[in-house]
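The values are calculated or read from the model by the stated rules, or taken from the named source; none is laboratory data. This one's a predicted model, so the numbers in the text were calculated from it and none came from an experiment. Every residue, glycine as well, gets a Cβ built from its backbone with ideal geometry; the counts of neighbours run over all protein chains shown. For accessibility, only protein heavy atoms count, side chains too; no ligands or nucleic acids. Shrake-Rupley method; radii C 1.70, N 1.55, O 1.52, S 1.80 Å.
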Amino acid sequence: MIRSWAKTRAAGVLSRTGMDKVVGALTGSMRVPVVIGYHRVVEDFAASAATSIPSMLVSQQMLERHLDWLGRRFRFVSLDELGARLGGSDGSHDAIMAITFDDGYRDFYDHAFPLLMQKGIPAAVFVVTGLVNTTGVQTHDKLYLLLVRRFAARAWRPGELARMLQGFGVLLPNITAKTPFQATRALLEALPEESIRRVVAALEAEAPIPEDTFKPFQSLTWEMLDRLQRAGMTIGSHTRTHVLMTNESGRRLVDEVTGSREEIERRMGTGVRHFAYPSGQFNTDSVNAVANAGYRFGYTVCRHRDAERPQLTVPRTLLWENSCRDFRGAFSGLILSCQIHRAFDVVSGCRQRHRIGRESGNAQR
Ligand SMILES: [Zn+2]
Ligand SMILES: [Zn+2]
């Protein structure tokens, strides 16, 4: 709430002084067409936020407000058209924007697709191929829900998470988190996939979650993806298993990026040019893997770019239900304007250590 109030105040001051444009230029957003990223699209935000990471949700109603506001200021284009602009083969200079949805949740089909069709907006969906056509659930969703339940009954005390992990045979003595979301993020960033699986299995053994609970988290089917593609939507890859690429190496990386691409091409019968890094995490090895797999464009979630492969590190702005609300809880175009100009980057920075040789953009913290 305090953060939201501070953002509203910052947005007001910035906009009144014309500073949002100055900050936008400083942070580099003016040089790159804007790409927006969403995750799940739900009917009722509050109801879904009881079991899902809130920042992965946007309600159909809020999505429409965002799109209407943006549509008055930008021309929505497909990722291919945006790519032509990035590659310099598009000579025009109008303000363009592309809309993307990560993880390939089925709710995109039910709640976003009809809205996009009605408004004539092309969008892209980045799918996790190992989950398409299955009842499987993303590891981050499962881990978050298990942690919410594990700590529901009491406040999180310092050291409690580390003690729980130790009980599961996972040693991370310095890990701290005050909320289930912080814990989910810390675990996903700190542990290789194999250890994450062990933690999930141990939590599930302690307190099993009924199958039905996971239904809203299911992925799209190939049939749905086919209909989306026929309607003009772009299907991109988001790896096979949503593994954090900076925690993996060698064959596993290749398998994740090449395997997912081949599967989409085989199922959909078209080439795949676009790739989104899971959680936006990238370093030199992952950018190389994406290049070697033959993708033309890669999308991140921060402003840092690989100077040698800028097309494979295209920045995106992630939005969700509460990312553009003022202190009263109302939608604020001012805050949305600051979000897309990345004005808040000045204060919040990037938490990643990309370890890429020569970077464009500002120095990392
Ligand atoms: Zn993702
Ligand atoms: Zn970064």
_Interchain or long-range residues, amide H under 5 Å from T221's placed H_ = N133
*Of the trypsin sites (Lys or Arg not before Pro) in the range 43-114, which ones lie in a loop per DSSP and count no more than 13 other C-beta atoms within 10 Å?*
R72, R73
_Whole-percent carbon and sulfur share, accessible surface of the range 69-198, 1.4 Å_ = 52 percent
*No other cysteine beta carbon under 4.7 Å away is the test; run it over the chain and list who passes.*
C324, C338
*In debye, nearest 20, what is the charge dipole magnitude of the chain about its Cα centre with +1 on Lys and Arg Cβ and -1 on Asp and Glu Cβ, if you could check?*
1200 debye
*Can you work out ³J(HN,Hα) from phi for every residue in the range 92-98, in order, using Karplus 6.51 cos²θ - 1.76 cosθ + 1.60 and θ = phi - 60°, giving whole Hz and x for Gly and Pro?*
7, 10, 6, 6, 10, 8, 10
*Please compute the net charge surrounding H111, taking Lys and Arg as +1 and Asp and Glu as -1 over other residues with Cβ under 9 Å from its Cβ.*
-2
*What residues qualify as long-range amide H neighbours of R75, i.e. H under 5 Å apart, gap of 5 or more or another chain, H built at 1.01 Å from N?*
A95, I96, M97
*Considering the options G159, Y105, L203, tell which one lies farthest towards the positive end of the dipole of the chain, charges being +1 on Lys and Arg and -1 on Asp and Glu at the Cβ, about the Cα centre.*
G159
*Charges only on Cβ, +1 for Lys and Arg, -1 for Asp and Glu: so what's the dipole of the range 61-113 about the Cα centre, in debye to the nearest 20?*
260 debye
*Using modelled backbone amide H atoms (1.01 Å from N, in-plane), which distant-in-sequence or interchain residues come within less than 5 Å of F101's amide H?*
Y38, A124, V125, F126
*If you stretched the chain out fully between Q182 and M117, how much longer would it get, using 0.36 nm times the residue separation minus the C-alpha to C-alpha distance?*
19.8 nm
*What list of ³J(HN,Hα) values in whole Hz, one per residue of the range 331-341 in order, does the Karplus curve 6.51 cos²θ - 1.76 cosθ + 1.60 (θ = phi - 60°) give from phi, with Gly and Pro shown as x?*
4, 10, x, 4, 5, 4, 4, 5, 4, 6, 8
_Prolate/oblate/rounded call for the chain, Cα gyration tensor, a/c under 1.5 rounded_ = rounded
*Residue by residue through the range 259-271, which ³J(HN,Hα) values in whole Hz follow from phi under the Karplus form 6.51 cos²θ - 1.76 cosθ + 1.60 (θ = phi - 60°), with glycine and proline marked x?*
x, 5, 5, 4, 5, 4, 5, 5, 6, 9, x, 9, x
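Can you give the alpha-carbon Rg of the range 215-342 over 2.2 N^0.38 Å, where N counts its residues? Display every interim value, and only then the final one.
Details: Rg = 16.6 Å, N = 128, 2.2 N^0.38 = 13.9 Å.
Compared with the compact-globule rule of thumb, the range 215-342 sits at 1.20.
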*Report the one residue of P173, V148, V137 whose Cα lies farthest in the direction of the positive end of the charge dipole of the range 91-191 (charges on C-beta: Lys and Arg +1, Asp and Glu -1; origin at the Cα centre).*
P173
*Where only protein heavy atoms count, and the probe is 1.4 Å, what is the accessible area per residue for the range 136-260 in Å²?*
49 Å²
